[in-house]
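**Student:** Following this message is one structure expressed as structure tokens.
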Amino acid sequence: MDFKRQLFAELDSKAPRDVLLLSSSSGIPSSQFCVDCAHNPGRVLIGHPFNPPHMVPLVEVVPHPGTKDIYVVRTIDFYRSIGKEPILINQETPGFIANRLQMALCNEAYSLVTRGIVSAADVGK
């Protein structure tokens, strides 16, 4: 976490004030690493692609409470311009949306296999 805080503080101090500062992190909300951004922390947010990103066009756009709306709109526009389909997540939550839904699916698959209802090979199909 210290490295990420330092990195974003440095990016914030050196990048032009209107440049978006995005992270693809799904485990660390941007509110935790933008705290040392003294110049414009309102341009820091998450752009988390679904996996595999070369096949799935969805990207979670996750602002922190201090993210300015103009940067949310610019982030969404950016992802659309490169052929992605952004999904706005209204508030930070652990794992965001994609990972939480994926984990629920994986947990159910593990449960079905461990209870002998279906083989792991057939779940994989």
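**Student:** Find the residue count for region 13-22, including only residues that are in contact with a helix residue (DSSP H, G or I) (Cβ under 6 Å, 6 or more places away or on another chain) and either polar (S, T, N, Q) or part of a loop (DSSP other than H, G, I, E, B) (or both).
**Tutor:** Here the count works out to 1.
**Student:** What's the total number of residues in region 45-63 that are aliphatic (A, V, I, L, M) and either in contact (Cβ under 8 Å) with a residue 40 or more places away in the chain or surrounded by fewer than 16 Cβ atoms within 10 Å (Cβ to Cβ) (or both)?
**Tutor:** 4
**Student:** While we're looking at this one, here's another question. Please enumerate the residues belonging to region 39-95 that are more than 14 Å from the chain's Cα centre (by Cα) and not in a loop (DSSP other than H, G, I, E, B).
**Tutor:** 41, 42, 43, 69, 70, 71, 73, 74, 77, 78, 80, 81
**Student:** Confirm whether residue 42 is in contact with a Pro (Cβ under 8 Å, 6 or more places away or on another chain) and at pLDDT 95 or above.
**Tutor:** Judged against the criteria, residue 42 is not a match.
**Student:** Are there any pairs with C-beta distances below 8 angstrom linking a residue in region 27-39 that is closer than 20 Å to residue 100 by Cα to a residue that is buried (at least 21 other Cβ atoms within 10 Å of the Cβ), with the two at least 6 apart or on different chains, and if so which?
**Tutor:** From region 27-39, the pairs are 29/46; 29/62; 30/44; 30/45; 30/46; 30/62; 30/63; 30/67.
**Student:** Quick check on this structure: which one of 83, 66, 42 is at positive phi, without any contact (Cβ under 8 Å) to a residue 40 or more places away in the chain and small (Gly, Ala, Ser)?
**Tutor:** It is 83.
**Student:** Sticking with this structure for a sec: Scan region 1-38 for residues that are more than 18 Å from residue 61 (Cα to Cα), exposed (fewer than 14 other Cβ atoms within 10 Å of the Cβ) and not aliphatic (A, V, I, L, M) and jot them down.
**Tutor:** 2, 3, 6, 10, 13, 14, 16, 17 - these are the residues of region 1-38 that are more than 18 Å from residue 61 (Cα to Cα), exposed (fewer than 14 other Cβ atoms within 10 Å of the Cβ) and not aliphatic (A, V, I, L, M).
The values are calculated or read from the model by the stated rules, or taken from the named source; none is laboratory data. Bear in mind that the values here come from a model prediction, so they are computed numbers and not experimental data. Quick reminder, even Gly has a Cβ in these numbers, built from the backbone with ideal geometry, and neighbours come from all protein chains shown.
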